[in-house]
1. Name, by its number, the condition in (1) out of contact with any helix residue (DSSP H, G or I) (no Cβ under 6 Å at 6 or more places or on another chain); (2) at pLDDT 90 or above that does not hold for T231.
2. Looking at P169, P145, which is the one that is more than 30 Å from G56 (Cβ to Cβ) and touching a Lys or Arg at 6+ places or on another chain (Cβ under 8 Å)?
3. For segment 201-223, state whether one or more residues are in the same structural domain as V48 (by TED's automatic domain parsing), modelled with pLDDT of 85 or more, within 27 Å of the chain's Cα centre (by Cα) and among the basic types (K, R).
4. Tell me the residue from A72, A62 that is surrounded by 12 or more Cβ atoms within 10 Å (Cβ to Cβ), in contact (Cβ under 8 Å) with a residue 40 or more places away in the chain and in contact with a Ser or Thr (Cβ under 7 Å, 6 or more places away or on another chain), please.
5. How many residues, within segment 177-200, are aliphatic (A, V, I, L, M) and farther than 25 Å from A62 by Cα?
6. For V137, are the conditions met, namely being of a type in the set (V, I, T), under 30 Å from A54 (Cα atoms) and under 42 Å from the mean Cα position of the chain (by Cα)?
7. Return yes or no: is V228 more than 29 Å from D79 (Cβ to Cβ), in contact (Cβ under 8 Å) with a residue 60 or more places away in the chain and either of a type in the set (S, T, Y) or surrounded by 15 or more Cβ atoms within 10 Å (Cβ to Cβ) (or both)?
8. Of the numbered conditions (1) surrounded by fewer than 15 Cβ atoms within 10 Å (Cβ to Cβ); (2) farther than 18 Å from A135 by Cα; (3) assigned by TED's automatic domain parsing to the domain that holds P150; (4) not charged (D, E, K, R), G53 fails exactly one; give the number of that condition.
Amino acid sequence: MTDVSKMVSDRVAISRTVLSSLHVHGAEVSGGLEQLLFPGGPPPHLTVAQVLGALGRVLDQARNDLTTADLANAAELADDVAPRAARDQAIVEVRARLISIRGTLSSVFGSGILPLYGLGGETPDDPELLAHRAANVAKLLADRPIMEQPKQAGVTVNALALAHSLQEPMKSLTVALGDVGREEREAQLTLKARNEAVAVWNARYQGVADVVTGIFELVGRGDLAELVRPTSRRRAGVAEQGDLPASPAVDPAKPA
């Protein structure tokens, strides 16, 4: 008795896996595939050409959705520029005001007065900490009259006026921080939508490319199959050389 070779038996086993899957799950997935390819219902006299066209439309829709989501995210990121510039300017103004107040109090009364008005330690750079520091300093200046003796007789400092001098810079910083926070939340939403569109494109591309490659292989057009085969680079979203548009020819007779 002649046994089937290992090479053939392995391929028989592989074929059996595919055939078994089609037999068990074919009916289950056919409804979903039909809805994906023909959302309005399949044509009454369906042809293979219509199936291939529907496959193309599925990938094209995923491509369009991805492009739209990417442009929306880019536009949202561009909207962040002005609020961030306003925030950075407000940070500069609030820090400068706090440092000026600190210098005034220290020069007139000595450094020992600084902790009493929340001005001990370095002036923070972090915008949230800076806003908190400014609010605390303004409140202390407004609530606590200066009782300490100046280092030089006859010199006075109006604590309430110093508190008022912080109000406008603090307001600008608070508004700017709110604007930046809102833009960041909106950017997160558009980024989430883009990531979802990428995931859909990945699934659609791999599924369609595998089917089209298989069809070309099935009818003996390996040359066409090689053009669209989903390589590891393409599956990762990296274009192969053949996917990129050809560079226009350069006429050597014309100056660059």
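1. Going through the list (1) out of contact with any helix residue (DSSP H, G or I) (no Cβ under 6 Å at 6 or more places or on another chain); (2) at pLDDT 90 or above, T231 breaks only (2).
2. Result: P169 is the single residue among P169, P145 that is more than 30 Å from G56 (Cβ to Cβ) and touching a Lys or Arg at 6+ places or on another chain (Cβ under 8 Å).
3. yes
4. Residue meeting the stated conditions: A72.
5. Residues that pass the stated criteria total 2.
6. It is false that V137 is of a type in the set (V, I, T), under 30 Å from A54 (Cα atoms) and under 42 Å from the mean Cα position of the chain (by Cα).
7. Considered against the rule, which asks whether it is more than 29 Å from D79 (Cβ to Cβ), in contact (Cβ under 8 Å) with a residue 60 or more places away in the chain and either of a type in the set (S, T, Y) or surrounded by 15 or more Cβ atoms within 10 Å (Cβ to Cβ) (or both), V228 comes out as no.
8. (3)
The values are calculated or read from the model by the stated rules, or taken from the named source; none is laboratory data. On a predicted model such as this, the values are computed, not experimentally measured, just so you know. Backbone-built Cβ (ideal geometry, glycine too); neighbour counts: all protein chains shown.
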